[in-house]
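See structure below.
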Amino acid sequence: MARPPKPKAFGSVPPAPPPRPKAGRTRARVIPEAVAQRMARRIAIATGIPSLMGMAVFVGSYLLVSRGLLDIPPVVTLLASGTCFLLGLLGLSYGVLSASWEDSPGSLIGTEQIVLNIGRLRQSVREMRSG
């Protein structure tokens with residue numbers, strides 16, 4: 001009795017064609033270098049300072065308690081450092097949304113850019129959902 005031929009695992013199936021870009025989406029969207037640097041600086045400041053403060057709370061609390069200068073309950077240390085780390089997390093969003101997404105650098109704090117950039121972000125999400 002003759003055995004049926006063994007199927008070839010990869011040889012018998014032709015390779016799938018590469019995915020084609022959707023119509024109207026051929027333009028690549030890349031963040032300009034100046035805008036990326038601006039965002040990175042703001043993120044570093046807005047997340048770095050609160051994160052360092054969160055670590056400093058632990059060190060300061062340890063030093064005060066270990067030397068007997070203050071009796072700080074652990075929950076106070078936890079809440080204070082957690083608040084600082086939460087501010088650092090919010091600073092991440094602030095750093096991206098407060099940076100000017102245009103070629104012009106914008107203001108030092110960037111509060112006028114937040115509303116504009118949130119609107120742009122919402123518009124981009126709507127475009128992605130619709131098509």
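Annotations for the structure displayed:
- With respect to the conditions (1) exposed (fewer than 10 other Cβ atoms within 10 Å of the Cβ); (2) over 27 Å from ILE31 (Cβ atoms), CYS84 falls short on a single one, namely (1).
- Reported count of residues in region 66-89, each being of a type in the set (Gly, Ala, Ser) and not in a helix (DSSP H, G or I), is 1.
- On the stretch given as region 90-110, residues that are part of a loop (DSSP other than H, G, I, E, B) and on the phi < 0 side of the Ramachandran plot total 11.
- Out of GLU112, GLU127, one residue alone is closer than 21 Å to ARG38 by Cα and not polar (S, T, N, Q). It is GLU112.
FYI, it's all coordinate maths here, none of it is from the lab. Values in this document were obtained by computation on a predicted structure and should not be read as measured data. In this analysis, Cβ positions are derived from the backbone assuming ideal geometry, glycine residues included, and neighbour counts consider all displayed protein chains.
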